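The values are calculated or read from the model by the stated rules, or taken from the named source; none is laboratory data. Given the structure is predicted, the values throughout are model-derived calculations rather than measurements. Here the Cβ is made from the backbone with ideal geometry for all residues, glycine too, and neighbour counts use every protein chain on show.
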Amino acid sequence: MTKKNVLAIGIEPALADLPAALGLTPELIRSHIETQIERLRVLDYDAEICLIDLGETAERVTTAALESKHFDCVVIGAGLRQPASQLLLFEKSSTSFTPMPRPPGFVSTPRRPIRRKPCSAGSNPEG
């Protein structure tokens, strides 16, 4: 059986505006991302990470990652979807994958890890 290809797109943790009051650091976020990607691999997905900057090259980097091979699922990190100030960056990045046959899956925060079937047709990965 062929593995499903998953691309996780998010903001480079060192560039993200992390709320220090919550104890979030770039190292903690990077560790969380790597842990979640490894969980996908253990579940027999071929998962890759695409970390982008805050706009200068984000669209180009996202497009290059998406064109590198076929992805069955694209997961958008919470830092790219929220806060509202990231809306333009989210829009610029997401235009690269709008022709995909299914909508992208979503992963929320380090407190809500991905589920076994993050991008099944018609399902909501966040439950």
Worksheet item: Of all residues in segment 11-22, how many are in a loop (DSSP other than H, G, I, E, B) and surrounded by 13 or more Cβ atoms within 10 Å (Cβ to Cβ)?
Response: 3
Worksheet item: What number of residues within segment 20-46 are touching a strand residue (DSSP E or B) at 6+ places or on another chain (Cβ under 6 Å) and farther than 24 Å from Lys3 by Cα?
Response: 0
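Given Lys69, Lys117, which one is at pLDDT 60 or above, closer than 19 Å to Asn5 by Cα and among the charged types (D, E, K, R)? First the steps, then the outcome.
Numbers: Lys117 fails: at pLDDT 60 or above.
One residue alone meets the criteria, Lys69.
Those residues that are in contact (Cβ under 8 Å) with a residue 40 or more places away in the chain and over 14 Å from Val75 (Cα atoms), I need them from segment 2-12; list them, please.
Of all residues in segment 2-12, those in contact (Cβ under 8 Å) with a residue 40 or more places away in the chain come to 3-12.
Residues satisfying the conditions are Lys3, Glu12.
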Practice prompt. Select from segment 1-10 the residues that are of a type outside the set (A, V, I, L, M, F, W, C) and outside any strand (DSSP E or B) and list them in ascending order.
Written response: Thr2, Lys3
